[in-house]
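Enquirer: I have a structure I would like to understand better, so I am pasting it below and will then ask my questions one at a time.
The values are calculated or read from the model by the stated rules, or taken from the named source; none is laboratory data. What you see is a predicted model, and the numbers here were worked out from it, not measured in a lab. Reconstructed Cβ throughout: ideal geometry from the backbone, glycine too, with neighbour counts over all protein chains shown. These accessible areas exclude ligands, DNA and RNA; they are computed on the full protein's heavy atoms, side chains included. Shrake-Rupley method; radii C 1.70, N 1.55, O 1.52, S 1.80 Å.
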Amino acid sequence: MQGISPNKNGFAESGWIGVRESLPFCISTSLFGVLFGVAAVASGFSVAMSLVMSGATFSATAQFAALQLWVHPLPLGSILLSVFLVSSRNILLGLSVSNYMDGNSLLARFLCLGLLSDPAVVMILREKRSINNLGYAFGYGAALWCSWMISVWLGFTFSNLFVEANLNALSFAGPLVMATMMMLFIKSGRGQVGCWAVSGLVALGMALLDFQPYIILPTAVIAGVILVLIQFEMRKVK
Amino acid sequence: MNKLADVGVVLLLIAVVVYLTRISGYFLGQRLRHIGRLRPVLEVLPGCAMMALIVPAVVHGSLVEFTALVFVITVMWRQDNIVFATFGGIVILFIGEPAFVWMQSNFS
């Protein structure tokens, strides 16, 4: 089965498009990077540890989850389980772009998918252009990675400047960034709003009932998937 | 030295876990994509996941956070301007609480 978009642009050209289009999200990434740098200082990290973790992991949610459990002796199992739970949405992101990366070697896919990011997936699914989507995702991810590393270093180095700032107020910045991505999806007008609304309603009900986030995520996603399957079968009947 | 080695191993394992979550979904999708009804399912997954993450955060959020979210949605709906939406939302988060306290102390 061929991918949806034939690769008219090469890997490098598509990568450059990804770099250019990532710039708006580099701002929010930088914010999280600074926050992580400040939090890393508070958790007793060295600058080398912060940068190694950020460079190798490149995931704000996973790194903050690990940081919350960072006490010696390190609770390895708890840290890894927590990191897996907060990163499980990556599995869904990877699933959703599995039709879009054809025409690239297996090695290239293994290497480049390590930089797969939420906004890159949103842009790939929204635009459906004739570009090399793996190159695009790589360029997008590489630019975000650079801004992530620089901002972590800045946050670490200038953490004393943020002592007075109320950084807890920014804990909602993650959902805000996701809301921008969600609006990009909704405005692309591809008729999936009903499924997303069902997921949102299920998540709302479960949140009001105080379910844990790692239970809400799969349940709400399954609810949306059930609706899309029903819609698919109904279209076939028609 | 042992402590440093332990930290290095933990950092490596964290990176491996995150990397595996990034590639496993893609390669699983490659195996399953011949199933016709799966394509529409794959395309709604990210949106469903985002809704499942945004909505609980809003439910447990404050009035300032809700205001910031409304601002972001409005800007994105009207202008599609990611930079303005994100930056404005973050400014609201930063100054919202102090501004709210200031208004309460001056106008009540």
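Enquirer: Among the residues of segment A:123-130, is there at least one that is open to solvent by less than 10 Å² (accessible area, probe 1.4 Å) and at pLDDT below 95?
Expert: Scanning segment A:123-130 turns up at least one residue that is open to solvent by less than 10 Å² (accessible area, probe 1.4 Å) and at pLDDT below 95.
Enquirer: Out of curiosity, is residue B:56 at pLDDT below 90 and under 30 Å from residue A:215 (Cα atoms)?
Expert: no
Enquirer: Name the residue that is surrounded by the most Cβ atoms within 10 Å (Cβ to Cβ), counting only residues in segment A:187-237 that are at pLDDT below 90 and charged (D, E, K, R).
Expert: Among them, the one singled out is A:190.
Enquirer: Where in segment A:171-237 are the helices (runs of 4 or more DSSP H), entirely inside, with at least 3 residues that are over 30 Å from residue B:64 (Cβ atoms) and not β-branched (Val, Ile, Thr)?
Expert: So the answer is A:213-237.
Here's the yes/no breakdown for (1) out of contact with any Lys or Arg (no Cβ under 9 Å at 6 or more places or on another chain); (2) more than 9 Å from chain A (Cβ to nearest Cβ):
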| site | (1), (2) |
| --- | --- |
| B:46 | no, no |
| B:69 | yes, no |
| B:76 | no, no |
| B:81 | yes, no |
| B:85 | yes, no |
| B:90 | yes, no |
| B:99 | yes, yes |
| B:106 | yes, yes |
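Enquirer: Ok, one more. Go through (1) hydrophobic (A, V, I, L, M, F, W, C); (2) within 12 Å of chain B (Cβ to nearest Cβ); (3) over 19 Å from the mean Cα position of the chain (by Cα) one by one and return the number of the condition residue A:158 breaks.
Expert: So residue A:158 meets the others, but not (2).
Enquirer: What number of residues in segment A:23-57 are farther than 17 Å from residue A:119 by Cβ and in contact with a helix residue (DSSP H, G or I) (Cβ under 7 Å, 6 or more places away or on another chain)?
Expert: 19
Enquirer: Against the condition surrounded by 15 or more Cβ atoms within 10 Å (Cβ to Cβ), modelled with pLDDT under 95 and either within 23 Å of residue A:195 (Cβ to Cβ) or among the β-branched types (Val, Ile, Thr) (or both), how does residue B:35 come out, does it pass?
Expert: So residue B:35 fails the test.
Enquirer: Also, I was wondering about something else. Give the residue that is farthest from residue A:56 (Cα to Cα), with candidates limited to residues of segment B:16-32 that are aliphatic (A, V, I, L, M) and facing chain A (nearest Cβ under 7 Å).
Expert: B:28
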